[in-house]
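For reference, the structure discussed in these notes is given below.
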Amino acid sequence: MKHFFRIAPALACAALALIACNKFQADPFGEEQHGQLCNINVTLGGAAVDIQTKATGEAASIATAEAKVNSLQVLVFRGDILDAYATVNNASTLSLSCTAGSRKIYAVVNAPDLSSVSSLSAFEAAAVDLSANTTSSFVMVGSKTVTLPGTKSVEIDVSRLVSRVVLKKISRNFTSPSLAALGFKVDKIYLVNAAGSFNYGQTAAPTKWYNLGENKSELPALLYDAPSATVANNSSYNTLHYFYAMPNPASSKVTKLVVEATLGTQKYYYPIALPAMEPNKSYEIAGVTIKRGGSENPDTPITSDDISFSVTVKNWVTSEISEQLI
């Protein structure tokens with residue numbers, strides 16, 4: 001079963017205290033660092049404080065899992081050079097020292113170890129694999145540029161790198177009496193052509209894919225559910241299912257949500273092509289209505305009504321995809 005989480009808005013701010021003054025050589029960007037050595041406290045907010053994760057179940061428990069902060073890493077950059085780094089586990093606040101001046105600060109939640117990063121360009125280009133996420137630990141990132149020590153507090157909003165897909169309902173409405181008389185069971189629901197990589201700078205196209213063209217049982221906690229739900233004709237299966245993939249501009253491969261079902265003794269696939277997917281947005285399918293046998297391949301489209309969606313900007317941005325008639 002999958003869970004989804006939502007990350008809370010802003011990093012809570014802590015006092016920015018001047019703790020020492022030292023003379024530094026002029027930095028390579030022409031900024032004189034006669035400055036102070038600054039001690040700053042950073043507290044998480046934004047997506048990391050809101051709650052939501054991938055799961056099938058009650059929204060409240062799903063929300064709690066999705067907002068869990070297992071680790072926090074803060075990186076402070078002076079131009080392209082790393083100026084300071086600190087990390088803490090199971091906490092949403094930390095303190096670190098850095099030099100005074102204009103600094104870009106990144107807050108990164110639930111991510112792989114970043115202690116070897118030495119430059120802003122290397123950090124923003126670094127790819128995060130979808131496998132770095134779990135149902136109770138989603139990678140989140142946010143940044144802010146501040147001038148120290150003039151800034152007394154720092155507040156940073158973080159948001160998830162992944163996109164979310166939600167299927168809310170599967171309905172069966174066979175008009176053929178002979179087909180209506182057959183048993184119909186929803187065996188599996190999963191994503192194919194799931195983007196598997198995205199960079200911290202949020203600019204790169206996917207370079208890795210999971211479940212390419214078919215269900216390969218890859219990352220099942222994020223990409224797969226097996227409801228084994230029998231659906232009578234003219235009735236619905238109403239359990240919500242949540243899935244996660246990295247953002248996909250759909251320029252080379254289209255991510256699809258696939259309903260795999262058995263009609264009588266015949267296996268059928270009902271793939272739904274998703275629109276271009278963006279980070280921290282939720283693509284919610286109000287319902288799928290199945291009227292006949294489907295495709296014999298999970299990556300081959302079948303005739304259906306057009307898909308439309310709208311976006312509301314929230315921690316999980318909701319993109320509604322209209323009910324599908326298949």
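The values are calculated or read from the model by the stated rules, or taken from the named source; none is laboratory data. Quick caveat: nothing in here was measured; it's all calculated off a predicted structure. Backbone-built Cβ (ideal geometry, glycine too); neighbour counts: all protein chains shown.
Things worth noting here:
- Scanning the range 201-235 for residues that are outside any loop (DSSP other than H, G, I, E, B) and within 19 Å of the chain's Cα centre (by Cα) yields TRP209, TYR210, PRO220, ALA221, LEU222, LEU223, TYR224, ASP225.
- Matching entry among VAL146, VAL166, VAL154 (being surrounded by fewer than 24 Cβ atoms within 10 Å (Cβ to Cβ), at pLDDT below 95, within 26 Å of SER228 (Cα to Cα) and of a type outside the set (Lys, Arg)): VAL166
- Within the range 82-95, the set of residues being assigned to a loop (DSSP other than H, G, I, E, B) and touching a Leu at 6+ places or on another chain (Cβ under 7 Å) comprises ALA91, SER92.
- In the set (1) surrounded by fewer than 15 Cβ atoms within 10 Å (Cβ to Cβ); (2) out of contact with any Pro (no Cβ under 9 Å at 6 or more places or on another chain), the condition left unmet by ALA204 is number (1).
- Residue match in the range 181-191 (condition: in the same structural domain as TYR210 (by TED's automatic domain parsing) and more than 17 Å from GLY294 (Cβ to Cβ)): yes
- For LYS267: the one exception among (1) assigned to a strand (DSSP E or B); (2) surrounded by 17 or more Cβ atoms within 10 Å (Cβ to Cβ): (2)
- Filter pass, ASP299 being over 29 Å from GLY201 (Cα atoms), of a type in the set (D, E, K, R) and either surrounded by fewer than 14 Cβ atoms within 10 Å (Cβ to Cβ) or modelled with pLDDT under 75 (or both): no
- The range 96-148 holds strands (runs of 3 or more DSSP E) entirely within its bounds, and those carrying 3 or more residues that are small (Gly, Ala, Ser) map to 101-109.
- Some residue of the range 267-289 being more than 26 Å from GLY142 (Cβ to Cβ), in contact with a helix residue (DSSP H, G or I) (Cβ under 8 Å, 6 or more places away or on another chain), in the same structural domain as ASN193 (by TED's automatic domain parsing) and at pLDDT below 95: no
- Here THR239 passes the criteria (1) part of a strand (DSSP E or B); (2) closer than 12 Å to LEU167 by Cβ except the one numbered (1).
- Some residue of the range 135-142 being within 30 Å of SER235 (Cβ to Cβ), surrounded by fewer than 24 Cβ atoms within 10 Å (Cβ to Cβ) and touching a strand residue (DSSP E or B) at 6+ places or on another chain (Cβ under 7 Å): yes
- Evaluated against (1) in a loop (DSSP other than H, G, I, E, B); (2) more than 27 Å from the chain's Cα centre (by Cα); (3) modelled with pLDDT of 70 or more, VAL69 falls short on exactly one condition, (2).
- Of all positions in the range 152-161, at least one carries a residue that is assigned to a loop (DSSP other than H, G, I, E, B), β-branched (Val, Ile, Thr) and within 30 Å of GLY101 (Cβ to Cβ).
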